[in-house]
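J.: Dumping the structure here so I can ask a few things about it.
The values are calculated or read from the model by the stated rules, or taken from the named source; none is laboratory data. Fair warning: this is a prediction, and the values are worked out from it, not measured in the lab. Backbone-built Cβ (ideal geometry, glycine too); neighbour counts: all protein chains shown.
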Amino acid sequence: MNQSGDYIGVFDSGLGGISVLRELQKLMPQERFLYYGDSANAPYGTRSTDCVRQLTLNAAEKIIAQGIKALVIACNTATAAAITLLREKYPELIVIGIEPALKPAADLFPKGRIGVMATEVTLREEKFDTLLHRFDADATILKISAPGVVELVEAGKGDSSEMKELLSQLLAPYSGKLDALVLGCTHYPLVRSAIGEILGSSVTLLDGGEGTARETLRRLTQAGLLHCGPGEIRWENSTGSEEMLALSKRLLNQQ
Ligand code: DGL
């Protein structure tokens, strides 16, 4: 492995961060990415905050040891629980964390009805409360937890009837009640079309992937750390399983 710190590390509890990797690669095709999914420990979103912190720090250590110039936390749950700690521990490193795209939703619908679908950890963390209170004076914001969705994506069942049934059940109470739905977990954009079919075209779906990619480009440009190509993706998964790597590549290329 290249030790010169040429890679951009991209981390998620599992395969969800691939939705962010897509945006990063679209914006910076000339970059080298090291994608690390901690699928052996997914889901993070139902764990204690301390546990998510520890798992995130462990994974970050493994990624950083390989020589990276920036670390993208492509996991809303890990950002909510551990981004402050990571920045304290690695003050020299560019560390970017994804957050639910509540601001873009509130900009589009300032007095609207906005759902935020995210993991239990994200929705209960103080970081999210702070974000919510920036916008809830005008907009009506509904917290929607979605147990089971991450597990099905990890099992390669993103496109299954099981997934469609689960999403229909979870979203049924919000039918006709939302202007926008924020996909506040990086696994959810991987099932965006199923969510869109259930809610209908009148509901705008938003996620933080593109904003995170733009912020990464901005920080790398500012630091003079952009790579001139050729681009590359290096895949790692804590399960060590070849099937997981094959599924990762399929998800990256899926429309
Ligand atoms: N993909 C992660 C996120 O963005 C969470 C998935 C999990 O629960 O592990 O929040």
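J.: Does at least one position in the stretch 24-34 carry a residue that is within 14 Å of the ligand (Cβ to nearest atom), surrounded by 15 or more Cβ atoms within 10 Å (Cβ to Cβ) and either touching a residue at least 40 places away in the same chain (Cβ under 8 Å) or not acidic (Asp, Glu) (or both)? Reasoning before the result, please.
T.: Narrowing the stretch 24-34 to residues within 14 Å of the ligand (Cβ to nearest atom): none.
No.
J.: Here's another thing I want to ask about it. If I ask for residues that are within 16 Å of Val10 (Cβ to Cβ) and in a loop (DSSP other than H, G, I, E, B), which ones from the stretch 29-59 would you list?
T.: Residues satisfying the conditions are Pro29, Gln30, Glu31, Asp38, Ala42, Tyr44.
J.: Let me ask something else. Looking at the stretch 60-73, which of the residues that are under 16 Å from Ser13 (Cβ atoms) and more than 10 Å from the ligand (Cβ to nearest atom) is surrounded by the most Cβ atoms within 10 Å (Cβ to Cβ)?
T.: Going residue by residue through the stretch 60-73, those that are under 16 Å from Ser13 (Cβ atoms) are 60-63, 71-73.
Cutting the leftovers down to more than 10 Å from the ligand (Cβ to nearest atom) gives us 60-63, 71-72.
Numbers: Ala60: 24, Glu61: 11, Lys62: 14, Ile63: 18, Leu71: 26, Val72: 28.
Checked the stretch 60-73; the qualifying residue surrounded by the most Cβ atoms within 10 Å (Cβ to Cβ) is Val72.
J.: In the stretch 74-143, which helices (runs of 4 or more DSSP H) lie fully inside it and hold 3 or more residues that are away from the ligand (no atom under 16 Å from the Cβ)? Steps first, please.
T.: Numbers: elements: 76-89, 102-108, 120-124, 126-135.
Here the list reads 76-89, 102-108, 126-135.
J.: If Ser39 satisfies all but one of (1) within 14 Å of the ligand (Cβ to nearest atom); (2) surrounded by fewer than 17 Cβ atoms within 10 Å (Cβ to Cβ), what's the number of the condition it fails?
T.: It is condition (2) that Ser39 fails.
J.: Taking the criterion of being among the charged types (D, E, K, R) and within 16 Å of the ligand (Cβ to nearest atom), would at least one residue in the stretch 157-177 satisfy it?
T.: At the first step, the residues of the stretch 157-177 found to be among the charged types (D, E, K, R) are 157, 159, 162, 164-165, 177.
From the residues that got through so far, the ones that are within 16 Å of the ligand (Cβ to nearest atom) too are 157.
Yes, there is a match, as at least one residue in the stretch 157-177 is among the charged types (D, E, K, R) and within 16 Å of the ligand (Cβ to nearest atom).
J.: Out of the residues in the stretch 44-59 that are among the charged types (D, E, K, R) and either more than 9 Å from the ligand (Cβ to nearest atom) or modelled with pLDDT under 95 (or both), which is surrounded by the fewest Cβ atoms within 10 Å (Cβ to Cβ)?
T.: Filtering the stretch 44-59 for residues among the charged types (D, E, K, R) gives 47, 50, 53.
Add one more test, that the residue is either more than 9 Å from the ligand (Cβ to nearest atom) or modelled with pLDDT under 95 (or both), and what stays is 50, 53.
Numbers: Asp50: 9, Arg53: 17.
Looking at the filtered set, the residue picked out is Asp50.
J.: Name the single residue, out of those in the stretch 178-210 being within 16 Å of the ligand (Cβ to nearest atom) and among the charged types (D, E, K, R), that is nearest to Ile96 (Cα to Cα).
T.: The initial filter retains those residues of the stretch 178-210 that are within 16 Å of the ligand (Cβ to nearest atom), namely 181-192, 195, 205-210.
Now drop any that are not among the charged types (D, E, K, R), which leaves 192, 207, 210.
Values: Arg192: 23, Asp207: 16, Glu210: 13 Å.
Restricting to residues being within 16 Å of the ligand (Cβ to nearest atom) and among the charged types (D, E, K, R), the top hit is Glu210.
J.: Which residue, of Thr77, Thr84, is at pLDDT 95 or above, of a type in the set (Ser, Thr, Tyr) and surrounded by 16 or more Cβ atoms within 10 Å (Cβ to Cβ)? Reasoning before the result, please.
T.: Numbers: Thr84 fails: surrounded by 16 or more Cβ atoms within 10 Å (Cβ to Cβ).
Residue meeting the stated conditions: Thr77.
J.: Output the qualifying pairs, or none if there are none: Cβ atoms under 7 angstrom, residues six or more apart or on different chains, first residue in the stretch 36-63 and acidic (Asp, Glu), second residue within 11 Å of the ligand (Cβ to nearest atom) and modelled with pLDDT of 95 or more.
T.: Asp38/Ser13; Asp38/Gly14; Asp38/Leu55
J.: Checking the condition among the acidic types (Asp, Glu), buried (at least 17 other Cβ atoms within 10 Å of the Cβ) and under 26 Å from Ile144 (Cα atoms), which residue from Glu236, Glu197, Glu210 passes?
T.: On the way: Glu236 fails: under 26 Å from Ile144 (Cα atoms); Glu197 fails: buried (at least 17 other Cβ atoms within 10 Å of the Cβ).
Within the list Glu236, Glu197, Glu210, the selection yields Glu210.
J.: Condition (residue is under 30 Å from His133 (Cβ atoms), surrounded by 24 or more Cβ atoms within 10 Å (Cβ to Cβ) and of a type in the set (A, V, I, L, M, F, W, C)) applied to the stretch 3-12: is it met by at least one residue?
T.: Just the residues of the stretch 3-12 that are under 30 Å from His133 (Cβ atoms), to begin with: 10-12.
Still in the list and also surrounded by 24 or more Cβ atoms within 10 Å (Cβ to Cβ): 10-12.
With the extra rule that they be of a type in the set (A, V, I, L, M, F, W, C), the set shrinks to 10-11.
There is at least one residue in the stretch 3-12 that is under 30 Å from His133 (Cβ atoms), surrounded by 24 or more Cβ atoms within 10 Å (Cβ to Cβ) and of a type in the set (A, V, I, L, M, F, W, C).
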